[in-house]
1. What nm distance separates the two modelled labels at residue 86 and residue 147, each placed 7 Å from Cα along Cα→Cβ?
2. List the relative contact order of the chain as a percent without decimals, with contacts defined as Cα pairs under 8 Å and 6+ residues apart.
3. By accessible area of protein heavy atoms, probe 1.4 Å, what ranking do 160, 105 get, highest first?
4. Modelling each spin label as a point 7 Å along the Cα-to-Cβ direction, I'd like the residue 57/residue 98 distance in nm, to one decimal.
5. Carbon-plus-sulfur fraction of the accessible area of the chain, 1.4 Å probe, in percent?
6. Loop-only check: which trypsin sites (Lys or Arg not before Pro) in the stretch 80-167 are DSSP coil with at most 14 other Cβ within 10 angstrom?
7. Give me the 1.4 Å probe accessible area per residue for the stretch 15-127, excluding ligands and nucleic acids, in Å².
8. Just report the Cα centroid separation between the stretch 136-153 and the stretch 37-79, whole Å.
Amino acid sequence: MSLSESFLNTEDLHPIDIVETLAESHDWDFDRVADDQISMAVEGQWRTYSITLAWSAHDETLRLISTFEMDPPVEKLPGLYEVLNRANDMVWSGAFTFWTEQRLMVWRYGLVLAGNQIATHEQIDRLITQAVSAAERFYPAFQLVCWGDDSPERALDIAMNDAYGRA
């Protein structure tokens, strides 16, 4: 029986309960911050990402915020904002932003579950996977703009090209 099938007989299943079960199955470090919120650490190739999912019953939305520290020089912020805009044009399942005060790169997404819908294990797993995949995909471009003196266009070209051959 799949993980999602085990939830089918449960009424009033809370989305954060599903996230907690998912985090346990992946062996991710997590902390159930409150009944409606969970934080976890997910290891990527480039970074460990701090991911928080929070349920808002008011607007029936499961919010995901994935962050990693980034402290670019102030003079590089215009280039960072440009590469963020260009990256956001290339993705459909969320968006990047930079929180200047906290010095954090952020990936945000909200899964609307209006009408008493229940998020499935697969949907939540995909949400988390896409957050990490987007960060992994664009992390090199952010680095190249902030510390490599590359233009946003060039940074995205370099970061998005597949490597061929052998080293």
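The values are calculated or read from the model by the stated rules, or taken from the named source; none is laboratory data. Note that the coordinates shown come from a computational prediction; the quantities given were computed from them, not determined experimentally. Methodologically, a virtual Cβ is constructed for each residue, glycine included, from the backbone with ideal geometry; neighbour enumeration extends over all protein chains shown. SASA here: full protein model, heavy atoms, side chains in, ligands and nucleic acids out. Shrake-Rupley method; radii C 1.70, N 1.55, O 1.52, S 1.80 Å.
1. According to this spin-label approximation, the distance is 2.0 nm.
2. On the way: 237 pairs, mean separation 34.3, N = 167.
Worked out over the chain, it gives 21 percent.
3. Details: 160 55, 105 0 Å².
Highest to lowest solvent-accessible surface, that is 160, 105.
4. 3.9 nm
5. Numbers: 4590 of 9820 Å².
Answer for the chain is 47 percent, counting heavy atoms of protein chains only.
6. On the way: sites: 86, 103, 108, 126, 137, 154, 166; in loops: 103, 166.
When the trypsin sites (Lys or Arg not before Pro) of the stretch 80-167 are filtered for loop state and at most 14 Cβ neighbours within 10 Å, 103, 166 remain.
7. Details: 6240 Å² over 113 residues.
So the stretch 15-127 comes to 55 Å² accessible per residue, rounded to a whole number.
8. So the two Cα centres are separated by 18 Å.
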